[in-house]
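Derivation of every value follows stated rules applied to the coordinates shown; laboratory data play no part. The shown structure was predicted, so the numbers you read here are calculated from the model rather than taken from an experiment. Don't worry about glycine lacking a Cβ; one is built from the backbone with ideal geometry, like all the others, and counts go over all protein chains shown.
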Amino acid sequence: MNCPLVSVIIPTYNGSRFIRETIQSVLDQTYNNLEIMVVDDGSTDDTSLIVKSITDQRITYIQQKNAGVSPARNHGITVSKGDYIAFLDHDDVWLPCKLEKQLSLFEQNPKVALIYSDAFIINENNFIMGKYSHKIKFFRGRIFKELFSSCFITILTVVIKKSVFLEVGPFLPYKICEDYDLLLKCAAKYPIDYIDEPLAKYRVHGSNYSKNYETEINECIEIFDFWRNQKNINGYNINTLISNAITNTYYNALKNAIKRRKDYRGSIKYFFLFIYYWIKKYSFKNLANI
């Protein structure tokens, strides 16, 4: 097996609680040819002291003024030297064999641009609460249509060829959907593969559990509008894809408002928007068949 350099990009903001465990999960990889770019996005806690106390020459610590996760990732990628880019947030962790299995699959499938995997969901005490494959379905190959309908790829599991990232990137300054935007641009041009087992652990805790769903919806709509102006995307009817995606977006917002936030009053708006776009979607489909 060839051993290309993998650049692991870890953006962090006030990540002192988990950052040591996160970095250690990268250092414990069975695949050793890697560099770790820790980009501190203006932390005010002890993050810098913790990172600097870890003595491994593969770690590069970068400080910048607070700008958000997208600029932090882009900064790390700009100064990275790897042939592949992998992403890990400061509160998540990898299983030891993650990079080895993904780089092996890249070697078997050189046309693939990106490889992702299943992931465990853990709480702040590392208790496993489930895994993504229990609630979502994964796809491989030319998956633009499936990905447009629902973002089933978690960024902490992704390894992408740097040449592809430089072509379809950088991360745009979204607050929530920056990874979805990048993944769609990759899937529109290249085949994608996955490993059907959990190779990472996504941590759910107080700081990341409650999303701003209004922001997420607005960003999704902006992404869909971008694709509305694109032509000949894998032969798909982009208007149909957008109609389905908007319907799914409001349906997911409705579910999360009820299940996560117990916001029954706020969920009423998402319910009526979901019904509106659901009716509109099927009316459009019937007209297309006339």
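Quick notes
- Highest-fluctuation residue, LEU199, LEU88, LEU273 considered, GNM on the chain with Cα pairs under 10 Å: LEU273
- GLU146 paired with HIS134, simple spin-label distance in nm, labels 7 Å along Cα-to-beta-carbon: 2.1 nm
- Cβ-defined net charge surrounding ASP92, 11 Å radius [Lys, Arg +1; Asp, Glu -1]: -1
- Charge dipole of the chain about the Cα centre (unit charges at C-beta), most positive-ward option of TYR270, LEU88, VAL168: TYR270
- Under 16 Å from LYS255, Cα to Cα: aspartates and glutamates that are on another chain or at least 8 residues apart: GLU214, GLU216, ASP263
- In order along the range 163-179, the phi-based Karplus estimate (6.51 cos²θ - 1.76 cosθ + 1.60, θ = phi - 60°) of 3J(HN,Hα) comes to 4, 6, 4, 5, 7, 9, x, x, 5, 7, x, 7, 8, 10, 9, 5, 6 Hz; Gly and Pro are listed as x.
- Centroid-to-centroid separation of the range 104-182 and the range 73-99 [C-alpha atoms, Å]: 13 Å
- Listed residues GLY235, GLY82, GLY141, most fluctuating in the chain (Gaussian network, C-alpha, under 10 Å): GLY235
- Across the range 66-81, rounded Karplus estimates of 3J(HN,Hα) from the backbone phi angles (6.51 cos²θ - 1.76 cosθ + 1.60, θ = phi - 60°) give 4, 9, x, 5, 5, x, 5, 5, 4, 4, x, 5, 4, 9, 6, 10 Hz, Gly and Pro being marked x.
- With Cα atoms, 0 to 90° folded angle of helix 98-108 axis to the chain main axis: 70 degrees
- Computed over the chain: relative contact order in percent, which uses C-alpha pairs under 8 Å that are six or more apart: 18 percent
- ASP225 paired with ARG20, simple spin-label distance in nm, labels 7 Å along Cα-to-beta-carbon: 4.6 nm
- Amide H contacts for ILE122 (H built 1.01 Å from N in the peptide plane; partners 5 or more residues away or on another chain; cut-off under 5 Å): MET129, TYR202, ARG203, VAL204.
- DSSP beta bridges in the chain [antiparallel fraction, %, rounded to 5]: 30 percent
- Global geometry of the range 1-150, whether rounded, prolate or oblate, following the gyration tensor of its Cα atoms and the 1.5 cut on a/c: prolate
- For ILE136, no residue whose modelled amide H falls within less than 5 Å of its own remains once neighbours fewer than 5 places apart on the same chain are excluded.
- Computed magnitude of the charge dipole of the chain (debye, nearest 20; Cβ of K, R +1, Cβ of D, E -1): 1160 debye
- Placed amide H near ASP46: partners under 5 Å, 5+ positions off or other chain: SER16
- Fully extended contour minus Cα-Cα distance, from ASN2 to ASP196, at 0.36 nm per residue: 67.6 nm
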